[in-house]
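What follows is a set of notes on a single structure, which appears directly below.
The values are calculated or read from the model by the stated rules, or taken from the named source; none is laboratory data. Computed from a predicted structure; not experimentally measured. Glycine also receives a Cβ, built like all others from the backbone with ideal geometry; neighbour counts cover every protein chain displayed.
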Amino acid sequence: MIRDKNTASSGAAHGCQSVLRTDADILFCIDEAQKVFSRATSRAERSSIGQFLTPAPIARFMASLFENNVTVARILDPGAGTGSLSAALTEQLISGPQPPESIEIVAYETDQNIAPHLETTMELCRQLCAEAGIAFRETIRREDFISAAVAQLPDGLFGMNHDSFTHVILNPPYKKINGETQTHRILRAAGIETSNLYAAFVWLGACLTCPGGEIVAITPRSFCNGPYFRRFRKALLGLVDLRHIHTFESRKEAFADDSVLQENVIFHGIRSEHRHSTVKISVSGGRDFSDMWVREVPFQDVVVPDDPDTFIHLMARDDGRQVMEWISQLPATLPQLDLDVSTGRVVDFRAREFLRKDPEPGTVPLIYPCHFENGFVRWPLQDAKKPNAIVSSDRTESLLVPSGYYVLTRRFTAKEERRRIVGVIYDPTRMEARRVGFENHLNYFHSKGRGLPPDLARGLAVFLNSSLLDRYFRLFSGHTQVNATDLRKMRYPSREQMLHLGQEVKTSLPDQQRIDSVLEKVCSKDG
Ligand SMILES: C[S@@+](CC[C@H](N)C(=O)[O-])C[C@H]1O[C@@H](n2cnc3c(N)ncnc32)[C@H](O)[C@@H]1O
């Protein structure tokens, strides 16, 4: 027996009511501690410091991804919280076939409220190691990981620091980095340009992984293709050999206790210059990994060679490859169709003085996603929460586009939405207006800033609403955001194919089955 709640004081902060008998209990204790901590603090408080704690099953899964046997394990746990990740890894190392001779944990944590729990966890790890005859040392650094890590960086971001860590395990804080903060300045001075703390933590964690050392992280999956994470992706893929990416099918599952809505990924990489030709992709329904489905795919299917954006494609399903191939064999690019796609220019809070609830003389339609209905724009909306109109004047001229046929898509979809991508037609014959404003939450397809030929607009809307494209977006863009860049990079049916597809649209879009069958017919016929 390692400790008894009646005789040992070290578990006090965890409020763990169980008696530790096996090493498996350590994570049970930490889970209990997380519940105690979550009850004692508000969700808003935790959210403000990006604090979403890893439940035991996920911590264990993450620990299980480490592969190497080492004699001296040096673990880095940046943003350690209650220390569940360090504990899971200690448990894993101890119970492995070749346990190390010593384990050292360096844990960074800035939240003083959680610190007692972290100390207790370290004490429990010490006891586990003592039982197993393994030397143990822990250092809890109650300081900002970013500043400390930048100070430890070897020369140049890609240099190797041979005194660094054999195991880096992290669930970093998720928080935007404000441009004016000290954090931003420190990072920029070190050459680390990223807009979210989680990417900075992973980036620095990878830099502090020793040659041959391993890193396992759970993060939002937004970095896989967001335009703001391009530098981060490049840096990460330059530093580590990506070995495994795990995704969750349900967006809420990973952090169900905190109802975190981000989609998460767990990845495992090895600090090395060598690149394997394959990578493991796995999916589980949630935090129960018993239904996990794994496959080994060519690395070049995940990160397409010469892709200037270095997108990381998460092929969650078996048909991922087929969907990708189907889309990539489409004949046209947007420029070849004489089309482009842009984000709506009206940022409503900046144009507040020009917005009107209802149309009135001197105004033109202002279109928000709430105006999307059955494949078309329905305008104006009675009792809409959003304004229906914007003043047309010299001062708003640059925000408006000339009236014409446009195809619009939402940039963000709600979590419960059935489709990732929805295309609707702005039909100028339904609104009497010389110009129109598109709000910033939507993207609009145009031809050199003007409307599209009506048939092309109809065909494009059919294509955008197909199940195939939806599946493609689910693979390619894990998160719920569809950026203009994503749409610009894709391939499209040819103009002739689009015109065929457009013939299906009358006063509304055809139903899903019809859209899918006509797409298959038209695109395989000409392709
Ligand atoms: C997402 S939580 C994860 C906690 C823990 N690793 C886990 O998996 O349960 C991130 C933790 O990072 C801490 N944190 C936030 N900013 C930090 C910083 N600049 N330096 C060190 N820790 C930080 C938060 O207090 C929080 O406990």
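A few comments on the model shown:
- Residue within the range 214-229 that is over 29 Å from Pro99 (Cα atoms) and free of Cβ contacts under 8 Å to residues at least 40 places away in the same chain present: yes
- Checking every residue in the range 86-108 against the condition of being assigned to a helix (DSSP H, G or I) and within 30 Å of Arg231 (Cα to Cα) gives at least one match.
- Residue tally, condition away from the ligand (no atom under 11 Å from the Cβ) and of a type in the set (A, V, I, L, M), over the range 58-75: 6
- The set of residues in the range 179-188 being within 19 Å of Leu239 (Cα to Cα) and touching a helix residue (DSSP H, G or I) at 6+ places or on another chain (Cβ under 9 Å) consists of Leu187 alone.
- For the range 199-231, a residue qualifies if it is in contact with a helix residue (DSSP H, G or I) (Cβ under 8 Å, 6 or more places away or on another chain) and over 24 Å from Ala73 (Cα atoms), and the qualifying residues are Ala199, Pro220, Ser222, Phe223, Cys224, Asn225, Pro227, Phe229.
- Within the range 82-104, considering residues that are among the aliphatic types (A, V, I, L, M) and away from the ligand (no atom under 12 Å from the Cβ), the one nearest to Phe61 (Cα to Cα): Leu93
- Candidates Leu65, Leu85, Leu89, Leu76, filtered to the one that is touching a Phe, Trp or Tyr at 6+ places or on another chain (Cβ under 6 Å), within 15 Å of His167 (Cβ to Cβ) and in contact (Cβ under 8 Å) with a residue 60 or more places away in the chain: Leu76
- Number of the condition not met by Ile312 [criteria: (1) touching a strand residue (DSSP E or B) at 6+ places or on another chain (Cβ under 8 Å); (2) at pLDDT 95 or above]: (2)
- Beta carbons closer than 8 Å, at least 6 apart along the sequence or on distinct chains, pair a first residue in the range 420-449 that is in a strand (DSSP E or B) and among the basic types (Lys, Arg) with a second that is modelled with pLDDT of 95 or more and surrounded by fewer than 17 Cβ atoms within 10 Å (Cβ to Cβ) for Arg435/Pro402.
- Flag for Val391 being closer than 22 Å to Asp340 by Cβ and not acidic (Asp, Glu): no
- Contacts under 8 angstrom Cβ, first residue in the range 337-351 being closer than 28 Å to Phe463 by Cβ, partner of a type in the set (A, V, I, L, M, F, W, C) and assigned to a loop (DSSP other than H, G, I, E, B), 6 or more apart: Asp340/Leu334; Val341/Leu334
- Hits in the range 166-184 (condition: surrounded by fewer than 14 Cβ atoms within 10 Å (Cβ to Cβ) and either closer than 22 Å to Asn225 by Cα or modelled with pLDDT of 95 or more (or both)): Lys176, Asn178, Gly179
- The range 145-168 residues that are over 15 Å from Pro78 (Cβ atoms), paired with ones that are modelled with pLDDT under 70 (beta carbon under 6 Å, 6 or more apart): Pro154/Asn161
- Check on Pro55, away from the ligand (no atom under 12 Å from the Cβ) and over 17 Å from Arg142 (Cβ atoms): no
- Candidate set from the range 109-124 (those that are outside any helix (DSSP H, G or I) and surrounded by fewer than 18 Cβ atoms within 10 Å (Cβ to Cβ)); member that is modelled with the lowest pLDDT: Asn113
- Odd one out for Arg243 among (1) out of contact with any Pro (no Cβ under 8 Å at 6 or more places or on another chain); (2) within 14 Å of the ligand (Cβ to nearest atom): (2)
- Restricting the range 481-496 to residues that are more than 14 Å from Leu408 (Cα to Cα) and assigned to a loop (DSSP other than H, G, I, E, B) leaves a set whose member that is farthest from the chain's Cα centre (by Cα) is Ser494.
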